[in-house]
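K.L.:
Take a look at this one; I'll ask things after.
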Amino acid sequence: MQTIEIDKTWFRGAVSIETKETGLQPWRLPHDQLGLFDLKLVEKAGEAAGVRMACLSDTTSVELYVASTDHDRQFDIVIEDHFIGTYTLLAGQDICLFSNFPSGRKRIEIYFPQKSVVHVIGLKVEEGAFVTPLPHNQPRWVTYGSSITQCSAAESPAHTWPAIVARNKGWDLTCLGFGGQCHLEPMVARVIRDLPADIISLCLGINVMGNNSLNIRTFRAAILGMVSIIREKHRSTPIYLFSPIYCPHRETDANAVGMSLVIMRSEIQEAVKILTSYGDTHISYVDGLDIFGEAFVDLLPDKLHPNAEGYKIMGTHITKKLSEGSPKHG
């Protein structure tokens with residue numbers, strides 16, 4: 001095996017890469033600006049949901065070296081958008097070995113665990129094999145949301161709904177799903193604004209509902225503000241606003257500030273209508289109940305988060321909902 005010198009160009013789905021003594025850590029926020037964000041958000045941004053090591057190579061095997069941890073982690077191998085398999089790295093171990101790839105040049109992506117920090121130490125491929133960082137020649141998709149976008153309960157990293165949609169569509173995913181931390185902060189809007197993107201989706205509401213963080217006076221205003229900030233650099237990029245999926249105990253029962261999911265869906269839809277009336281012809285509303293409605297309540301083990309099968313269903317449904325969005329790279 002030959003050792004490959006890696007840098008930030010080998011990563012996909014990360015907002016920034018920090019160099020540490022323990023290796024290269026992908027972040028889903030700018031690592032040199034973490035003091036501008038809430039500590040709980042920073043904690044989630046360190047987890048590698050949607051982040052991949054990506055290359056173009058004719059190798060038939062890959063070894064990924066990462067700093068060990070005190071818990072098990074899953075790494076997935078995807079070749080040409082086809083899921084190949086999962087490697088479970090046990091606590092204390094630091095080498096993921098993937099082998100028996102088909103011959104010839106192909107896109108190889110190693111998905112990192114969606115609920116864990118990863119420090120990458122090194123990469124090895126077959127001796128004499130061609131290998132180079134994956135070129136940026138796919139439409140870039142940025143999706144923002146809560147734990148239901150981070151998908152900790154997914155079967156494995158490549159089976160979160162954003163990863164499923166990205167593979168189905170052939171898109172380059174950046175997942176900004178932050179468990180418990182989707183509160184429409186202006187600083188997060190700035191991050192999305194500054195990222196390259198050919199399509200953007202925002203899944204809004206459930207954390208705001210659960211944490212009483214916005215009310216009927218401020219929720220719609222926060223949506224309008226977030227979209228307006230993003231539009232500063234993405235004037236014609238398709239933006240999809242998703243309302244919350246079904247949640248039985250929050251549909252009509254109001255929280256401490258008088259918000260329910262029924263109200264939230266109406267407010268998000270109204271925000272889209274207002275933005276459209278002011279000339280934004282590239283924004284669309286997607287009803288969360290069309291993505292994951294009451295019929296799937298049995299796949300909500302805690303009555304809030306889908307299970308592994310539920311996330312696969314979400315991936316299928318969202319792929320269809322985004323079928324009209326066919327962005328061209330560039």
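K.L.:
Of all the residues that make up segment 219-256, how many are within 17 Å of Lys273 (Cα to Cα), touching a Leu at 6+ places or on another chain (Cβ under 9 Å), assigned to a loop (DSSP other than H, G, I, E, B) and of a type in the set (Ser, Thr, Tyr)?
P.N.:
Total satisfying the criteria: 1.
K.L.:
Yes or no: Thr319 assigned to a helix (DSSP H, G or I) and on the phi < 0 side of the Ramachandran plot? Let's see the steps before the verdict.
P.N.:
Working: assigned to a helix (DSSP H, G or I): yes; on the phi < 0 side of the Ramachandran plot: yes.
Here the answer is yes, as Thr319 does meet what is asked.
K.L.:
So is Arg73 surrounded by 17 or more Cβ atoms within 10 Å (Cβ to Cβ), of a type outside the set (Ser, Thr, Tyr) and farther than 15 Å from Gln2 by Cα or not? Walk me through it before giving the result.
P.N.:
Working: surrounded by 17 or more Cβ atoms within 10 Å (Cβ to Cβ): yes; of a type outside the set (Ser, Thr, Tyr): yes; farther than 15 Å from Gln2 by Cα: yes.
In short, yes.
K.L.:
Next question, about the same structure. Do the conditions hold for Thr143, that is, is it of a type outside the set (Asp, Glu), within 18 Å of Ile283 (Cβ to Cβ) and either over 9 Å from the mean Cα position of the chain (by Cα) or assigned to a strand (DSSP E or B) (or both)? Spell out the reasoning first.
P.N.:
Details: of a type outside the set (Asp, Glu): yes; within 18 Å of Ile283 (Cβ to Cβ): yes; either over 9 Å from the mean Cα position of the chain (by Cα) or assigned to a strand (DSSP E or B) (or both): yes.
So Thr143 fits the description; yes.
K.L.:
Kindly indicate whether Ile223 is surrounded by 14 or more Cβ atoms within 10 Å (Cβ to Cβ), modelled with pLDDT of 95 or more, in the same structural domain as Gly310 (by TED's automatic domain parsing) and under 17 Å from the mean Cα position of the chain (by Cα). Step through it out loud before you land on a result.
P.N.:
On the way: surrounded by 14 or more Cβ atoms within 10 Å (Cβ to Cβ): yes; modelled with pLDDT of 95 or more: yes; in the same structural domain as Gly310 (by TED's automatic domain parsing): yes; under 17 Å from the mean Cα position of the chain (by Cα): no.
Spelling it out, it is not the case that Ile223 is surrounded by 14 or more Cβ atoms within 10 Å (Cβ to Cβ), modelled with pLDDT of 95 or more, in the same structural domain as Gly310 (by TED's automatic domain parsing) and under 17 Å from the mean Cα position of the chain (by Cα).
K.L.:
Please work out if Trp10 is surrounded by 17 or more Cβ atoms within 10 Å (Cβ to Cβ), under 24 Å from Arg167 (Cβ atoms), free of Cβ contacts under 8 Å to residues at least 24 places away in the same chain and out of contact with any His (no Cβ under 9 Å at 6 or more places or on another chain). Write out each step before concluding.
P.N.:
Working: surrounded by 17 or more Cβ atoms within 10 Å (Cβ to Cβ): yes; under 24 Å from Arg167 (Cβ atoms): yes; free of Cβ contacts under 8 Å to residues at least 24 places away in the same chain: no; out of contact with any His (no Cβ under 9 Å at 6 or more places or on another chain): yes.
Here the answer is no, as Trp10 does not meet what is asked.
K.L.:
Turning to a different aspect of this structure: Could you pull out the residue among Ser201, Ser152 that is modelled with pLDDT of 95 or more, in a loop (DSSP other than H, G, I, E, B) and of a type in the set (Gly, Ala, Ser)?
P.N.:
Details: Ser201 fails: in a loop (DSSP other than H, G, I, E, B).
Matching residue, one of Ser201, Ser152: Ser152.
Residue-by-condition table, conditions (1) within 25 Å of Ile164 (Cα to Cα); (2) in contact with a Ser or Thr (Cβ under 6 Å, 6 or more places away or on another chain); (3) in the same structural domain as Cys175 (by TED's automatic domain parsing); (4) free of Cβ contacts under 8 Å to residues at least 40 places away in the same chain:
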site	(1), (2), (3), (4)
Leu29	yes, no, no, no
Leu39	no, no, no, yes
Ala45	yes, no, no, no
Ser68	no, no, no, yes
Glu80	yes, no, no, yes
Thr86	yes, yes, no, no
Leu89	yes, no, no, yes
Ser99	yes, yes, no, yes
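K.L.:
Could you tell me whether any residue of segment 261-278 is assigned to a loop (DSSP other than H, G, I, E, B), in the same structural domain as Arg231 (by TED's automatic domain parsing) and within 19 Å of Val227 (Cβ to Cβ)?
P.N.:
Within segment 261-278, the subset assigned to a loop (DSSP other than H, G, I, E, B) is 278.
With in the same structural domain as Arg231 (by TED's automatic domain parsing) added as a condition, the list becomes 278.
Now narrow it down to the ones that are within 19 Å of Val227 (Cβ to Cβ): 278.
The answer is yes; a qualifying residue exists.
The values are calculated or read from the model by the stated rules, or taken from the named source; none is laboratory data. The structure displayed is predicted, hence computed values, not measured ones. Glycine gets a Cβ as well: all are built from the backbone with ideal geometry, and neighbour counts include every protein chain shown.
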